[in-house]
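The values are calculated or read from the model by the stated rules, or taken from the named source; none is laboratory data. Not measured: the values here are computed from a predicted model. Note that we place each Cβ from the backbone using ideal geometry, even for glycine, and neighbour counts take in every protein chain shown.
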Amino acid sequence: MAVHSVAPVKTKVAQVANIAPQATRDQMQALFGYLGKVEELRLYPIARDVSIPVQSRICYVKFFDEKCVGIAQHLTNTVFIDRALVVTPYHSGEMPDEQRALEIAAQQQGANPGEKVLPAHIINQIEGVPPNQVISTHDPVMIHHGLPPYPTLPISYDTKKIEEIRRTLVAINIEESVTAQELVDFFQKVGTVNYIRFCSRENDSQRYALVEFSDQSHIIPALKLNGTTFKDKTIQMYHST
């Protein structure tokens, strides 16, 4: 069993993804019941129709004690049946219904074959009430590194756009003579850069650049470049929106 450092959580609900299609509710109850008293457990999809193939199932476990969610995270990468489980806190604290749970599962698996998706430990959630709903993205690894959380995004954004934004950063205070290639070379030391686009704001003398990486995992070392000097300028790094 792989053991990882996890950040403190403030929810009693754990999300368990990448569950083998043949797994049963009783099996999940037994697995997580060893970690603490379970108040409620939901395994989706509820009905198993052999005529409709399911790649994987998703489960939500509500414990009586929120400390159990942190313990449950240590089961991530534990092979159950034939799949490595991915356990993350479900930050809304409310058990989702089947429709919402399957939407989350689809976001993580990708809507189309070959479409890039966020890593399984990153959770997108809809927060707020209509018409003031937003999409929030929770990344426990980013929090563990002491980095700023993702800002919320408009509810109208689709999963493809969200994934792209979540691997894009804004670099501020770029020296005027710096070329796009020089900036690519600077950021390539932390990850593969897809593109650089310079931009500006009205009544703002600072030079900005959007930096899109090929993979979300490159965001963490790139954010740690905040405060470093490049061409005699101190660069500031922020999440894109």
* Is it the case that the stretch 137-152 has a residue that's in a helix (DSSP H, G or I), of a type in the set (Val, Ile, Thr) and within 25 Å of CYS68 (Cα to Cα)? -> yes
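Scan PRO221, PRO119 and give me the residue that is in contact (Cβ under 8 Å) with a residue 12 or more places away in the chain and in the same structural domain as ALA106 (by TED's automatic domain parsing).
Working: PRO221 fails: in the same structural domain as ALA106 (by TED's automatic domain parsing).
Checking each option against the conditions leaves just PRO119.
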* Scan of the stretch 95-115 for residues that are at pLDDT below 85, charged (D, E, K, R) and closer than 14 Å to GLN125 by Cα, ordered by number -> ARG100, GLU103
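Per-residue answers, yes or no, for (1) among the β-branched types (Val, Ile, Thr); (2) modelled with pLDDT under 90; (3) outside any loop (DSSP other than H, G, I, E, B):
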residue	(1), (2), (3)
HIS4	no, yes, no
VAL9	yes, yes, no
ALA14	no, no, yes
LEU43	no, no, yes
VAL61	yes, no, yes
* To do: Determine if the stretch 176-191 includes at least one residue that is touching a Ser or Thr at 6+ places or on another chain (Cβ under 8 Å), acidic (Asp, Glu), at pLDDT 90 or above and not in a loop (DSSP other than H, G, I, E, B).
  => no
* Structure fact -> Of (1) of a type outside the set (Val, Ile, Thr); (2) surrounded by 16 or more Cβ atoms within 10 Å (Cβ to Cβ); (3) within 29 Å of HIS91 (Cα to Cα); (4) in contact (Cβ under 8 Å) with a residue 60 or more places away in the chain, ARG167 fails just (4)
* Does any residue in the stretch 188-213 that is over 15 Å from THR241 (Cβ atoms) and in the same structural domain as ASP232 (by TED's automatic domain parsing) come within less than 9 Å, Cβ to Cβ, of a residue that is charged (D, E, K, R) and surrounded by fewer than 11 Cβ atoms within 10 Å (Cβ to Cβ) six or more places away or on a different chain, and which pairs are these? -> ARG207/GLU176
* Asked: Restricting the stretch 199-241 to residues that are assigned to a strand (DSSP E or B), among the hydrophobic types (A, V, I, L, M, F, W, C) and out of contact with any Phe, Trp or Tyr (no Cβ under 7 Å at 6 or more places or on another chain), which is surrounded by the most Cβ atoms within 10 Å (Cβ to Cβ)?
  -> PHE213
* **Checklist (1) touching a residue at least 24 places away in the same chain (Cβ under 8 Å); (2) farther than 20 Å from LEU118 by Cα; (3) of a type in the set (Val, Ile, Thr); (4) surrounded by fewer than 14 Cβ atoms within 10 Å (Cβ to Cβ) applied to ILE174, failing item** => (4)
